[in-house]
Structures are given as structure tokens and as C-alpha cells.
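Notes to accompany the following structure.
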Amino acid sequence: MAKGEGAESGSAAGLLPTGILQTGERPAQVKMRIYLLDVAQVDPFFASIILFVGRAWDAVTDPLVGFFISKSSWTRLGRLMPWIIFSTPLAIIAYFLIWFVPDISWGQTVWYLVFYCLFETLVTCFHVPYSALTMFISTEQSERDSATAYRMTVEVLGTVLGTAIQGQIVGQADTPCLQDSNGSVVASEGANRTHSTTSLKRTQNAYLLAAGVIASIYVICAVILTLGVREHREPYEAQQAEPISFFRGLRLVMNHGPYVKLIAGFLFTSLAFMLVEGNFALFCTYTLGFRNEFQNLLLAIMLSATLTIPFWQWFLTRFGKKTAVYIGISSAVPFLILMALMESNLIVTYIVAVAAGISVAAAFLLPWSMLPDVIDDFHLKQPQSHGTEPIFFSFYVFFTKFASGVSLGISTLSLDFAGYQTRGCSQPARVKFTLKMLVTMAPIVLILLGLLLFKLYPIDEEKRRQNKKALQALRDEASSSGCSDTDSTELASIL
């Protein structure tokens, strides 16, 4: 149930037959598509409406939640923690009801649309403040960077764990490809509709069981977060009046040069890796011919990414964040070229998958690690403007989802123009070539464009050190002023 940093990225893998997707599909929207069509048996047109509206609403909720959080006041629990505490039980209920098949044939579309959008809203109420907590757990840049590294490591692990849990429990939902009477290998359009009543009921119960297990993990993680994290308010912020309005804050944030340049570079690199991720299953299945191996290859990528996030945390501490961005993200290019040139060699494919995971780790970690530096820079240039942290983080998440939507659109349209055969066990040569371009050449071009934009990003290590000293001086001045005010108040009471 992770959300934001690519955890729910769109994917052309939704074009795959369920027999291929079976247990290894990562994007939540692909799982939802399979569930609506094969288990809930919603009409394909209405299933598409549910997913489209849900995805659009999901993107809209990020700035909306950022708007309301920016107007929130500090409480005994903090400023962000109440959002996490009160959204968690409601999100769990909504998540469970998504995977429940109501016995109302006339209202199924409304049921899934309502609870899908409700869940997306509630999980955004969790994820935006959760991400923004980075700015409130410490004033030290190194501690914030360390917290970001831990957060990204656990989010990648959560993605792997969630996929594995649902995949293992619902693994029996399998639809094999069938050969038609003309000898061409195609999937039977009705294969997924011929489940017996007993088998269908068993599949529905499996989805509910998986939802219950994942919801339990959600509760445990939320409790640990609530009990283990305390927000710290900046001394100079405590002396300020009420936070600025959302729209004024939004205007200031979007006019902040480093933020715009970071988002632009992040958008291109995210789109590159989402194209690879979203089409990798199809590429392995049809272009390389590894129908039974793509799930293990995806797992190799994600495990490699998980294990190398600590390495990139050390690297950025030792050599700087911009250097880490250039080396970490550009390291994917040689392996993408190798993937484009190689034949169907399984061992080489696994090597490329592990190496790609190293770059995925850099793409996961580094942009999020750079965002707190941008916010610090903003606070120095706009010292009277506070309460803008949720705006920074909510629009960061929004642009992640925007890249996901663009990736989905590019992939689906490209494969459609190439003549993709829905549910086919083999594809025309044009489709195989298109997949190779989507997984190799297009990401390479996007990575190079993103790195060029990162070159324009102005906050290097020297600038970070200057900002750190300036912020510390501002905090010291605020603390001294606070002490003076306290002394004056005590003196007045004595007199």
C-alpha cells in the first residue's frame, strides 16, 4: 500500500493475460484491472472508467491534501501526525472493501468507483504528511538524508512484500493461453469468464484474505510510526504568525528556481525508469522469450535496488548528491544498451537486471534526498513564509503520478499502433521492436535529458554548507530572542 515514489506506477503490463501477470505484477492498477475483470466480473468499459477516474482523482488529491495540511495548526500530537493517525483506520476499511464483491449487480461500478477513490484519498492523507515528516524530525541535513534513505529502503521492501503476499495468496488465478482452430496462438477471450462458481468464490476469498494480511501490516507500520516519531518545530517558525495561504505559498514554491529544476529533472528520469518498469514484463515475455522468468527478473531488480540504497546513501555523503545523481542514474545507460543488443540469454539478462536495480535505487533515493535541501534554500530566501513543506511534498508526489500516467499512455498507444494482440501468447515483429524501444532507447534519451536538467540544479555541496550555516544562525537568533522574551516575562511577573 505504499504510494508515491513509483509504488503505484502505471504499466502497460495491464495488456498481459492474467496467466502471465499471475503473481509478479507490481503496479497496483494492474492488479485492480485483473480483479475487476476476472473476479468481480465488471464490464470492461466500466472497469476502464473506474481505473481512469480513480487514477485522475488520485493525482488531484495530492495538492488538495497539501492545501489542507498547509492550513493546519500545531497540536499536542504535532502538525502532520494527526493526519496519519486519523486516516489510517479509514484507509484500512476502504482498502478492504475494494476487494469485496458486493451482491448488487446493478451497483457494482458505483461501489468500486466510490471505494477506490475513497481509498486513494485516505492513503494520500497518510502519504503526503508521512513524506513531509522528513523536514520535522530533525534540523540536521545529515539526519534528514539518513531518514530518507531508511524510508526509501523500507518502501521498496514494502512493495516487494506486498506483491509477494498478494501474489502467493491469489496465485491460483491463472488463465493460460490457448491455440485457436487456425493454428495461431491466441488467448481465449472467454477463458477468464468460465470459472466455476466454487472456483470464483475461492478466488474472491483469496483476495479478501490478502487484503486482510496487507491491512494488518499497514496497521503495524502506522502504530510504529505514531509511537516512534516526534515532530520538532523550527525555533524561528514558532515566532511567526499563522502560516501563509495555500495559493500564495503555491505561487512562491513554483517560482523557486531550484525546485522547478529539480522537478523537471526528476520528471524525465522518473518517466525513463517507469517505461522500463512498466514494459519489462512484456519485453521479457515477447521480445526475449522468457515467459516463465520475468517475475524472477523483476524480483532481482527490486532486491538489487533494496540492497544498494544504503550504498548510494554512503556515496552521496562521501561525494555529494549531484555527483551521485550523475553516476547513479547514468549507470543504467550501458546496461540498457546491452539489453537492446543482446539475444535471448537468460544469464546475461539476470546480470543486466541486477545492474539495473542499482540504478533504480539511485533513481528512488536521490531526488527525494535533494528535496529537503530545496526547502532549506526556500526558507532562507523566504524566511517569513512557513507552512509550505506539505506543498513541496504534495506536488512532488503529484509529478510522480503525472510521469506514471504519461508512461502508461505512451506504452499503451505505442503498442496499439504496433498491432499488439490482446491476450496473445506471441506478438508480431513490430510489437517486439516497439517493446525494445520502450525499454531501451526511449529511457536512454529521457535519462540524458533529465541529467542535463540536473546540471542546471544550483544546490551543490558548497551551497548546502552555506545554507546549513545560515539556517543555524537563524535558529540561534530565534532561540536567543525566545530566551530574552522569556526573561522579560519573568521579570514583569516578579515586578
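The values are calculated or read from the model by the stated rules, or taken from the named source; none is laboratory data. This is a predicted model, so every value here is computed, not measured. All Cβ positions, glycine included, derive from the backbone under ideal geometry; neighbour counts span all protein chains shown. Ligands, DNA and RNA are stripped out before the accessible areas are found, and what is left, the full protein with its side chains, is counted by its heavy atoms. Shrake-Rupley method; radii C 1.70, N 1.55, O 1.52, S 1.80 Å.
In table form, for the structure just shown:
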{"quantity": "Förster radius 25 Å - calculated FRET efficiency between ILE93 and LEU157, Cβ distance, rounded to 0.05", "calculated": "0.50"}
{"quantity": "Surface/4 estimate of mean projected area, convex hull on alpha-carbon atoms of region 351-483, nm²", "calculated": "11.9 nm²"}
{"quantity": "Anisotropy class of region 398-468 from Cα gyration tensor, a/c 1.5 cut", "calculated": "prolate"}
{"quantity": "Tail beyond 16 Å, pair distance distribution of region 409-449 (Cα, percent)", "calculated": "36 percent"}
{"quantity": "Rounded, prolate or oblate (a/c below 1.5 giving rounded, otherwise prolate when a/b exceeds b/c) for region 304-343 by Cα gyration tensor", "calculated": "oblate"}
{"quantity": "Stokes-Einstein D for region 96-136, Kirkwood Rh over Cα pairs, 10 °C, 1.306 mPa s (µm²/s)", "calculated": "134 µm²/s"}
{"quantity": "Shape category assigned to region 252-362 from the gyration tensor of Cα positions, a/c cut at 1.5", "calculated": "prolate"}
{"quantity": "Residues of type lysines that LYS401 reaches as a straight line, Cα spacing below 23 Å, ignoring anything fewer than 8 places off in the same chain", "calculated": "LYS3, LYS31, LYS261"}
{"quantity": "Square roots of five times the Cα gyration tensor eigenvalues for region 250-292, Å", "calculated": "37, 7, 5"}
{"quantity": "Table column - 3J(HN,Hα) (Hz), region 144-156, Karplus curve with 6.51, -1.76, 1.60, x for Gly and Pro", "calculated": "5, 4, 5, 4, 5, 5, 4, 4, 5, 4, 5, 5, 5"}
{"quantity": "Computed lengthening from ILE337 to LEU208, 0.36 nm per intervening residue step minus Cα-Cα distance", "calculated": "42.2 nm"}
{"quantity": "Chain lengthening between ILE327 and MET254 when straightened (0.36 nm per residue, less Cα-Cα)", "calculated": "23.5 nm"}
{"quantity": "Tail beyond 22 Å, pair distance distribution of region 242-317 (Cα, percent)", "calculated": "53 percent"}
{"quantity": "Gain upon complete extension [ARG465, PHE86; 0.36 nm per residue less C-alpha separation]", "calculated": "132.7 nm"}
{"quantity": "Inter-label distance, nm, simple model (7 Å from Cα along the C-beta direction), ARG430/ARG318", "calculated": "5.0 nm"}
{"quantity": "Spin-label zone in region 300-320 - amide nitrogen under 20 Å from a point set 7 Å from the Cα of LEU346 along the C-beta vector", "calculated": "300-304"}
{"quantity": "For region 41-162, the Rg and Dmax computed from alpha carbons only, in angstrom", "calculated": "17.3, 56"}
{"quantity": "Virtual paramagnetic centre 7 Å along Cα→Cβ of VAL229, amide N under 13 Å, in region 66-83", "calculated": "78-83"}
{"quantity": "Label-zone membership for region 348-380, site ALA164, 7 angstrom Cα→C-beta point, backbone N under 15 Å", "calculated": "none"}
{"quantity": "Ordering of 390-401, 210-221 by burial proxy (mean other Cβ atoms within 10 Å per residue, highest first)", "calculated": "390-401, 210-221"}
{"quantity": "Solvent-accessible ranking of ARG76, ARG430, largest area first, probe 1.4 Å", "calculated": "ARG76, ARG430"}
{"quantity": "Label point distance in nm, VAL114-MET441, each placed 7 Å from Cα along Cα→Cβ", "calculated": "5.0 nm"}
